[in-house]
Structures are given as structure tokens and as C-alpha cells.
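The values are calculated or read from the model by the stated rules, or taken from the named source; none is laboratory data. Predicted model only: the values in this text are computed from it and were never measured. Note: ideal-geometry Cβ built from the backbone for every residue, glycine included; neighbour counts use all protein chains shown. Side chains are part of the model used for accessible areas, which takes the heavy atoms of the whole protein and leaves out ligands, DNA and RNA. Shrake-Rupley method; radii C 1.70, N 1.55, O 1.52, S 1.80 Å.
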Amino acid sequence: AGRRQVFLTRSDGHGFELLLHEGHDRFGVEVHAHCLMRNHFHLLLRCPNGGLSPFMQSVGSMYTRPLNQRLGRDGPIFRSRFRSLVVDSPEYLARAGRYIHRNPLDLSPPVGLASYRWSSFRCYVGGIEPPPWLTTTALLEPFGDDIVSYAAFVSDPESGRESDPARLGATIGTLLAEHGGLDGRGIERVVAAAMLDRCSAAAGVTIRNLLG
């Protein structure tokens with residue numbers, strides 16, 4: 001909300017991860033990737049028993065209350081309802097995990113992906129034992145459980161290109177909401193048109209399909 005910082009101390013990060021653990025146990029929600037940034041967070045979840053909304057409501061409210069109490073304020077700290085996208089293929093699963101794990105590249109000064117404390121990536125490739133609430137098998141399986149190959153996939157700027165027109169639109173919307181606080185079909189078309197002006201011929205076909 002208002003692009004204010006919501007993770008202020010290391011204790012905030014630890015507390016949020018504890019809530020993920022509690023939500024995992026309470027709602028049976030699998031956490032496959034996470035990344036905490038200064039004013040937002042990303043989660044890659046699987047909900048075999050349903051329960052996504054109760055899980056997110058529990059995590060959000062139980063994080064918000066003590067933070068507001070500590071800062072002497074009230075009201076929501078996260079803007080509106082959480083944004084969710086359905087992961088419906090192995091390819092999209094890999095790209096979603098990659099996108100989440102690459103978020104620290106937006107920080108200034110830059111942070112090494114494997115050394116960033118508040119991302120699950122270090123549990124995949126940094127020799128850190130995954131916590132009991134983090135599931136790593138699904139993202140590693142396509143790479144034969146080879147952490148070197150997975151690390152290369154995440155780190156390579158070219159490896160995560162999106163080719164599905166419908167999904168590309170959702171990706172643009174997510175990026176706009178995250179970085180600019182903008183929403184709506186009009187601005188998405190502007191961004192897609194700008195991409196079209198700078199992309200390869202093959203990618204241009206995809207974006208033209210997106211623009212109709």
C-alpha cells in the first residue's frame with residue numbers, strides 16, 4: 001500500500017517465514033519458492049486441498065497486526081487482494097520459479113542471487129538445507145535434480161523468455177503492478193507495443209497475437 005516498505009528488519013523476514021511454516025502446516029499448502037522484497041513478496045504455491053485464500057489471509061493478517069502495533073499505525077499494509085496466476089504447465093512452473101528467484105536483481109546495489117537471504121534460491125543452489133515448509137523437488141526435477149543446471153537456468157538472462165501470448169499479457173500486468181503501481185488494459189497494450197518495437201521477428205509474432 002502506497003509502495004511503503006513492509007519488511008524493515010531481519011526479525012520481520014524471520015517472522016514472515018515462520019508464518020509460511022505455520023500456514024504450510026495448518027492449510028496443507030506447499031511452498032515451492034518465495035522471495036521477500038522491500039515492499040512486496042512473491043510465493044509459488046501448490047494447494048492440493050484448496051485453501052489458497054485462507055492461507056494468504058492468515059499470513060497477511062498475522063504479519064500486519066504486530067507490524068502495525070510496533071509502528072503505531074493501523075489499516076492494511078498490502079494493497080488490495082493478492083494477485084494470483086494459475087501455473088498450468090511444467091514450462092510455466094519453471095518460468096514462474098525463475099522469475100521469483102531473479103527478483104533480487106532489481107535491488108540497488110545488486111545482490112548475488114544465491115547469497116540473498118530472503119529468497120528460497122539459496123536453498124536450491126547454495127548448500128543451505130531447505131526448511132521443512134519448502135518443497136524443492138518440483139522445480140529441480142526437470143533438471144535431473146542437478147543444482148548446477150538449475151542455477152544456470154535461473155541466472156541466464158535468455159533462458160526464461162515467454163512465448164505464450166495469453167501468459168505474456170499476465171506477465172506484463174504483474175510487472176506493471178509491481179514496479180509502477182499501474183493497471184488496466186490500456187497501459188498493458190502500450191508496454192506490449194514498446195516491446196514489439198524492440199524484439200526479434202519471432203517474438204514479434206507472439207506480441208502481435210497478444211495485441212490482436
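One residue stands out in region 160-185 among those that are open to solvent by less than 50 Å² (accessible area, probe 1.4 Å) and either of a type in the set (Asp, Glu) or more than 17 Å from the chain's Cα centre (by Cα) (or both): the one that is modelled with the highest pLDDT, namely 178.
Of all the listed residues (51, 28), the sole one being open to solvent by 20 Å² or more (accessible area, probe 1.4 Å), at pLDDT below 95 and over 15 Å from the mean Cα position of the chain (by Cα) is 51.
Can you tell me which residue is nearest to residue 155 (Cα to Cα) among those in region 109-133 that are part of a helix (DSSP H, G or I) and open to solvent by less than 40 Å² (accessible area, probe 1.4 Å)? Spell out the reasoning first.
Here is the first cut: in region 109-133, the ones part of a helix (DSSP H, G or I) are 113-115, 121-125.
Those left that are additionally open to solvent by less than 40 Å² (accessible area, probe 1.4 Å): 113, 121, 123-125.
Values: 113: 8, 121: 11, 123: 15, 124: 13, 125: 11 Å.
My answer is 113.
Would you pick out the residues in region 26-73 that are in a loop (DSSP other than H, G, I, E, B) and touching a Cys at 6+ places or on another chain (Cβ under 7 Å)? It would help to see each step written out before you state the result.
First, pick out the residues of region 26-73 that are in a loop (DSSP other than H, G, I, E, B): 28-29, 37-40, 47, 49, 51, 72-73.
Within region 26-73, 29 is the sole residue that qualifies.
Criterion first (modelled with pLDDT under 90, open to solvent by 20 Å² or more (accessible area, probe 1.4 Å), more than 18 Å from residue 39 (Cα to Cα) and aliphatic (A, V, I, L, M)) does residue 93 satisfy it? Break it down stepwise before answering.
Working: modelled with pLDDT under 90: no; open to solvent by 20 Å² or more (accessible area, probe 1.4 Å): yes; more than 18 Å from residue 39 (Cα to Cα): yes; aliphatic (A, V, I, L, M): yes.
It is false that residue 93 is modelled with pLDDT under 90, open to solvent by 20 Å² or more (accessible area, probe 1.4 Å), more than 18 Å from residue 39 (Cα to Cα) and aliphatic (A, V, I, L, M).
When the residues of region 1-16 are filtered to those that are touching a strand residue (DSSP E or B) at 6+ places or on another chain (Cβ under 8 Å) and part of a helix (DSSP H, G or I), the one that is surrounded by the fewest Cβ atoms within 10 Å (Cβ to Cβ) is 13. Does residue 105 satisfy being under 28 Å from residue 21 (Cα atoms), modelled with pLDDT under 90, part of a helix (DSSP H, G or I) and open to solvent by 50 Å² or more (accessible area, probe 1.4 Å)? The answer is no for residue 105. Any residue in region 64-83 that is within 24 Å of residue 132 (Cβ to Cβ), surrounded by fewer than 17 Cβ atoms within 10 Å (Cβ to Cβ) and among the basic types (Lys, Arg)? No - not one qualifying residue is present in region 64-83.
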